[in-house]
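First the structure, in the form of structure tokens, and then the observations on it.
No lab work stands behind these numbers, since they all come straight from the coordinates. As the structure is a computational prediction, the values presented were derived from the model and not from experiment. Note that each Cβ is placed from the backbone with ideal geometry, even for glycine, and that neighbours are counted across all protein chains shown.
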Ligand SMILES: C[S@@+](CC[C@H](N)C(=O)[O-])C[C@H]1O[C@@H](n2cnc3c(N)ncnc32)[C@H](O)[C@@H]1O
């Protein structure tokens, strides 16, 4: 069945069973018709890249995706597909996965009547959910892309939630509506913009996907204090596209990857440990600035997969040759930074610190900037006597 009512009920059932949907938000999810926020053209992956799916060409598939468990890609390459043909290269807007939307709204802990600012309106769906619970007049949303902002405004108005949608740079917040009880960003940041702190009421919350170029996968919740700062901790695992001016894009191309001119060494640290272990890669990202990792599977040019580390700001790169079953991996490094050495040092530091998880990190924002520090592990609970 592809009628929106049945699909919406199925979505709700999935969210309820998975435990992501709190009672407080289930009414809003039931009331908002998600498909009314999804544009007629969405983007899907066909194995080789991002291609458009037009509602008029396959209305059933379009509707299934509108209520499906995955994010719905609604814009690529800032609205100007850059790939050959009509292919997209980068995802620049989407309606987030319903379970992630539910998880974030639960973490926001927003109550009816509170004032809320959303950064990254996108389709307007999340703004409608906020409006349903907080009251339409209490919600403002900012979108940097004028076309997306217009689409969201229309969808919000026609579904009965005429939220104020501002076209602008969400990094500046929206001082006209401050102070807010809650600021919620649906685009990831590396650096929490200080205006968000200034525009949140002391005791209020800033909730945002947060990450480093190395690890873009944390949901951070900050409590704003009365001395102009905020204290944050990691409360979830989500990966979002970044705020426009905080993007960090790096590629591996043939020229920068010339192994014959690179410095050679070996390591016993397996690629999985530094790239796929959530806790390790979070910690590495905290300690190795301006560096991302890219996994390139074995292909026609190479028998082995490689894990690349790239800092485009200094033209530095390194790679680890992934030889399955080996206990020693060749390393190449090039450019002014020895990126692999930095990563291995950070990894060993994390391991020697007792492999701390996300809950051990505190992120502090002051007018001077942002700092992430590792807190002491809590002592083991004393056995009951
Ligand atoms: C994951 S989408 C948001 C999904 C949206 N909340 C929804 O319900 O559909 C992220 C959005 O952030 C927007 N964005 C990126 N940088 C921004 C900025 N500096 N200010 C405001 N919006 C921004 C993007 O254009 C994109 O639409």
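Odds and ends about this structure:
- Gyration tensor (alpha-carbon) shape descriptor, region 30-167, a/c threshold 1.5: prolate
- Using a cutoff of 8 angstrom between alpha carbon atoms and counting only pairs six or more residues apart, the relative contact order for the chain works out to 10 percent.
- Gain in span if fully extended, residue 86 to residue 341, counting 0.36 nm per residue against the direct Cα distance: 87.7 nm
- Counting 0.36 nm for each residue step from residue 111 to residue 375 and taking away their Cα separation leaves a gain of 92.0 nm.
- Listed peptides 336-344, 20-28 appear in the order 336-344, 20-28 once ranked by packing, highest mean of other Cβ atoms within 10 Å at the front.
- Computed over the chain with a Gaussian network model linking Cα atoms closer than 10 Å, the most mobile of 366, 140, 223 is 366.
- Ordering of 184-195, 305-316 by burial proxy (mean other Cβ atoms within 10 Å per residue, highest first): 184-195, 305-316
- For region 259-352: rounded, prolate or oblate by the Cα gyration tensor [a/c cutoff 1.5]: oblate
- Relative to one another, the C-alpha centroids of region 180-221 and region 309-368 are positioned 24 Å apart.
- Across 170, 228, 211, mean-square fluctuation computed from a Gaussian network of the chain (C-alpha pairs under 10 Å connected) peaks at 228.
- Rounded to 10°, Cα long-axis angle of helix 98-108 versus longest principal axis of the chain: 80 degrees
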